[in-house]
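First comes the structure, then the notes that go with it.
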Amino acid sequence: MVVQDTSEILERILEQVRSVDPVNTRKWFDELTPVSFDGGLLQVGCSDPSWAQYLHERCLSAFTQAAQSITGHLVGVQFVVTGTQHSPTDAVAVQPQVRLHPDYTFDSFVVGPCNRLAHASCIAVSQNPGVIYNPLFLYGNVGLGKTHLLHAVCHDAQKRAPYLRIEFHSCEQFVNGFISAIEQGNLSEFQNQYRNVDILIIDDIQFLREREQSQEEFFHTFNALYNNRKQIVLTADSAPQDLAALEDRLISRFKWGLVARLDPPSYETRIAIVKKKAHLRSLTLPDNVAELIAEQIKTNIRELEGALTVIYATARAAGQPITLELAKQALGVQEVAAGRSIAMSDIVRTVSEQYDVRITDLQSKKRSQSIALPRQVCMYLARNLTRHSLEEIGGHLGGRDHSTVVHACSKIEQLYKSDAAFRDRVDKLTGWIMKNNG
Ligand code: ADP
Ligand code: MG
């Protein structure tokens, strides 16, 4: 059946995307609107620029495939920003000033004793930039929500005062931008970008260590902003006084405002986080499954999410609802992986069968794409499912060195994130390899 009505087309696309790509599905997909369907291009409207960015980066291929299968035509999909500032007719293709993750808002952040001060100070800063805590310095181990809070500050400040100029960068972006500004002789442009703002946010400032010239530049940026009462927000993996590799004058400035530490969440907070993450994806998660995840994973919140993803990928592959039994099995699967009971030969055999290439080709020096890709998939799976070292993995696949394996893993990881069909294939491969070892 060919569907004509644009609203109906969008509705059916969403239905299909939800079923083929649940990992990337979000509750707010309900709020997407059809803008136009003309000349083979379907425009989908988003009221929040970060939604459009997210959809463009993560879901374009799932939407396009669904649009094509539903309309029966070669249809392109474009995500455009609509909403209060724009009427649907002057919808603009997304080009945000700051790239924000739509999941990382204050609403989706669970507050507990571990992060109460950090959370409260971020809210204060987004309501009154440059006034109360300047600079605001957040620190804590990896995966405790620092970057999430920074995004939330941007979302919130932008919503309250859309005219604010916000620059939000990783420390690496700052350093790299500085280096290329020197190389290209446009330092003043660089300085303008960082000094002519209302809020400057730099994530993971510890990366300034051993970068003397960048530290010097950041010192002057800091002073310029501070003297003009512009807000500065910084994060790091340790407290200012422990950032020993940084100049003292920077460290002392980091302590001028408020320093807030993030600690690992308690069991109760972990349960609340897991539930929040499930809710964001419109997933129904039984209480006992949330408790199981919170018991298993204690320190890094990113891993809580990973566990949730494993559980529902398993449920989906098995075509079953999420139950405690299934969740145990899925997390048990991780234990099996950690126990190294999966052999390289299982991976190579399964990939060779599924991609229809010979094992000897996978282990050869041949570099044609039809062989190189499945070989890289083998490396990626071996990295995730076994405890073999990079050298051992490379050795099994034609005597390649460890940097080749690193490159392969990051390439496949990118593809896995951006291409729904590819992700599906890799999930299935993982499922088969696991099953044969279960
Ligand atoms: P960090 O920058 O400290 O390494 P992130 O901000 O990247 O950590 O957080 C890692 C993951 O954990 C993100 O997906 C984030 O949404 C999630 N997370 C961390 N803390 C919380 C929290 N309190 N509530 C909800 N999600 C959280
Ligand atoms: Mg971070």
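The values are calculated or read from the model by the stated rules, or taken from the named source; none is laboratory data. Remember, predicted model here, so these are calculated numbers, not experimental data. Ideal geometry is used to build each Cβ from the backbone, glycine not excepted, and the neighbour counts take in all protein chains shown. Ligands, DNA and RNA are excluded from the accessible area calculation, which covers all protein heavy atoms including side chains. Shrake-Rupley method; radii C 1.70, N 1.55, O 1.52, S 1.80 Å.
Quick notes
- In region 118-164, residue farthest from ligand 2 (Cβ to nearest atom) [restricted to those that are aromatic (F, W, Y) and under 29 Å from T299 (Cα atoms)]: Y133
- Hits in region 363-384 - residues which are over 16 Å from D401 (Cβ atoms) and touching a Cys at 6+ places or on another chain (Cβ under 6 Å): Y380
- Test for D287: is it of a type in the set (D, E) and touching a residue at least 24 places away in the same chain (Cβ under 8 Å): no
- Every test in (1) assigned to a helix (DSSP H, G or I); (2) open to solvent by less than 20 Å² (accessible area, probe 1.4 Å); (3) of a type in the set (S, T, N, Q) is passed by S108 save one, and that test is (1).
- Candidates A161, A152, A157, filtered to the one that is open to solvent by less than 20 Å² (accessible area, probe 1.4 Å), closer than 25 Å to V110 by Cα and free of Cβ contacts under 8 Å to residues at least 40 places away in the same chain: A161
- Selection from region 126-154 of residues that are in contact with a His (Cβ under 9 Å, 6 or more places away or on another chain) and either over 18 Å from K230 (Cβ atoms) or part of a strand (DSSP E or B) (or both): G145, T147, H148, L149, H151, A152
- Within region 222-244, being among the hydrophobic types (A, V, I, L, M, F, W, C) and surrounded by fewer than 17 Cβ atoms within 10 Å (Cβ to Cβ) holds for A224, A239, A244.
- In region 15-41, the residues that are among the hydrophobic types (A, V, I, L, M, F, W, C) and either within 19 Å of A313 (Cα to Cα) or crowded, with 18+ Cβ neighbours inside 10 Å (or both): V17, V20, V23, F29, L32, V35, F37
- Exactly one residue out of F174, F207 is among the aromatic types (F, W, Y), in contact with a Cys (Cβ under 8 Å, 6 or more places away or on another chain) and within 16 Å of ligand 2 (Cβ to nearest atom): that is F207.
- When residues in region 178-192 are screened for being within 29 Å of the chain's Cα centre (by Cα) and hydrophobic (A, V, I, L, M, F, W, C), 4 of them pass.
- Condition met for A290 (open to solvent by less than 40 Å² (accessible area, probe 1.4 Å) and farther than 18 Å from L138 by Cα): yes
- Helices (runs of 4 or more DSSP H) within region 310-427 that include 3 or more residues open to solvent by less than 60 Å² (accessible area, probe 1.4 Å) and among the β-branched types (V, I, T): 344-355, 402-418
- Residues within region 362-374 that are charged (D, E, K, R) and without any contact (Cβ under 8 Å) to a residue 12 or more places away in the chain, tallied: 2
- Any hit, region 211-231, residues being part of a helix (DSSP H, G or I), within 23 Å of C122 (Cα to Cα), of a type in the set (G, A, S) and away from ligand 2 (no atom under 16 Å from the Cβ): yes
- When L200 is tested against the conditions (1) under 30 Å from I273 (Cβ atoms); (2) away from ligand 1 (no atom under 16 Å from the Cβ); (3) open to solvent by less than 10 Å² (accessible area, probe 1.4 Å); (4) out of contact with any Phe, Trp or Tyr (no Cβ under 7 Å at 6 or more places or on another chain), the lone failure is (4).
- Residue in region 236-246 that is under 22 Å from the mean Cα position of the chain (by Cα), within 16 Å of ligand 2 (Cβ to nearest atom) and under 24 Å from V142 (Cα atoms) present: yes
- Per the conditions (1) under 24 Å from Y194 (Cβ atoms); (2) open to solvent by 40 Å² or more (accessible area, probe 1.4 Å), the sole criterion not satisfied by L283 is (1).
- Test: L234 is out of contact with any Ser or Thr (no Cβ under 6 Å at 6 or more places or on another chain), of a type in the set (A, V, I, L, M) and either assigned to a helix (DSSP H, G or I) or over 19 Å from C122 (Cβ atoms) (or both): no
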